[in-house]
Amino acid sequence: MNSMYRQGRMKTDSVNEERGAIMKTLILYATKHGATREIAQRIADRMDDAAIHDLGQSNIPDFIGFDCIVVGSSIYAGMIRKEAKVFLSQNADTLGNKKFGLFLSGMDATRGKDFFDSNIPQSILQNAKVTSFLGGIYDPQKAGLIERFIMKAAAKQSKYTDTIDDGKIEEFIEALQA
Ligand SMILES: Cc1cc2nc3c(=O)[nH]c(=O)nc-3n(C[C@H](O)[C@H](O)[C@H](O)COP(=O)(O)O)c2cc1C
């Protein structure tokens, strides 16, 4: 546990004390090799009452008990994962009535805004309290042969790389709770 974690936690605690209520948050993520789950878990670890759930699994928890919903997906060839796309389109109305945030996981931070605009309808984006590209993990040991080939050819990447940005995770949570 690093010092950023402790600072973030103290800030979160004091915000909640002032408001007298703890925000219950459900973090739904779509992942292929686990990086987006890692980000979802890091967000949850910094919040007081957060549950995480894989959108690739059935039995998504009922939203009713949650004040806030976070949806995150990784990016492959410029696209969010299908289960995230389907979830967002099927639940756009319900999300519009909640406090909600969106995050993406990928290695190309320079295209973060493009990935949101090209994958997620404006009608959903405009209702989100915060949208953020939070970095990712490329692990050649988890990638298949074709994935390794693509990453080497297109992104010149062949080594394990972790760009998950804890500072941006803190900012994401602060914006969500503001
Ligand atoms: C074949 C392949 C294609 C990828 N395409 C993109 C891309 O278009 N943009 C990007 O930012 N990251 C891209 N990435 C990086 C992944 O989005 C990143 O590793 C992410 O953290 C993986 O998350 P996951 O393990 O939750 O699926 C790609 C990775 C692979 C292996």
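The values are calculated or read from the model by the stated rules, or taken from the named source; none is laboratory data. This is a predicted model, so every value here is computed, not measured. Glycine gets a Cβ as well: all are built from the backbone with ideal geometry, and neighbour counts include every protein chain shown.
Key figures
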{"item": "Count - residues of the range 53-76 that are in a loop (DSSP other than H, G, I, E, B) and either free of Cβ contacts under 8 Å to residues at least 24 places away in the same chain or surrounded by 18 or more Cβ atoms within 10 Å (Cβ to Cβ) (or both)", "result": "6"}
{"item": "Selection from the range 116-152 of residues that are out of contact with any His (no Cβ under 8 Å at 6 or more places or on another chain), among the hydrophobic types (A, V, I, L, M, F, W, C) and either farther than 20 Å from Lys32 by Cα or within 14 Å of the ligand (Cβ to nearest atom) (or both)", "result": "Phe116, Ile124, Leu125, Ala128, Val130, Phe133, Leu134, Leu145, Ile146, Phe149, Ile150, Met151"}
{"item": "Per-region count, the range 49-70, residues more than 30 Å from Phe149 (Cβ to Cβ), in contact with a helix residue (DSSP H, G or I) (Cβ under 8 Å, 6 or more places away or on another chain) and not small (Gly, Ala, Ser)", "result": "6"}
{"item": "Flag if Asp45 is among the acidic types (Asp, Glu), away from the ligand (no atom under 15 Å from the Cβ) and within 14 Å of the chain's Cα centre (by Cα)", "result": "yes"}
{"item": "The range 88-117 residues that are under 13 Å from Gly78 (Cβ atoms), paired with ones that are within 16 Å of the ligand (Cβ to nearest atom) and in a helix (DSSP H, G or I) (beta carbon under 6 Å, 6 or more apart)", "result": "Leu104/Phe115"}
{"item": "Answer residue from the range 151-178, given it is among the aliphatic types (A, V, I, L, M) and touching a residue at least 60 places away in the same chain (Cβ under 8 Å) and is surrounded by the fewest Cβ atoms within 10 Å (Cβ to Cβ) among those", "result": "Ala175"}
{"item": "Among residues of the range 26-48, those that are modelled with pLDDT of 95 or more and farther than 25 Å from Glu147 by Cβ, counted", "result": "7"}
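To keep it simple, each residue is scored yes or no on (1) small (Gly, Ala, Ser); (2) modelled with pLDDT of 95 or more; (3) within 16 Å of the ligand (Cβ to nearest atom); (4) under 19 Å from Leu125 (Cβ atoms).
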site: Asp62; (1), (2), (3), (4): no, no, no, no
site: Asp67; (1), (2), (3), (4): no, no, no, no
site: Val71; (1), (2), (3), (4): no, yes, yes, yes
site: Ile75; (1), (2), (3), (4): no, yes, yes, yes
site: Ala84; (1), (2), (3), (4): yes, yes, yes, yes
site: Phe87; (1), (2), (3), (4): no, yes, yes, yes
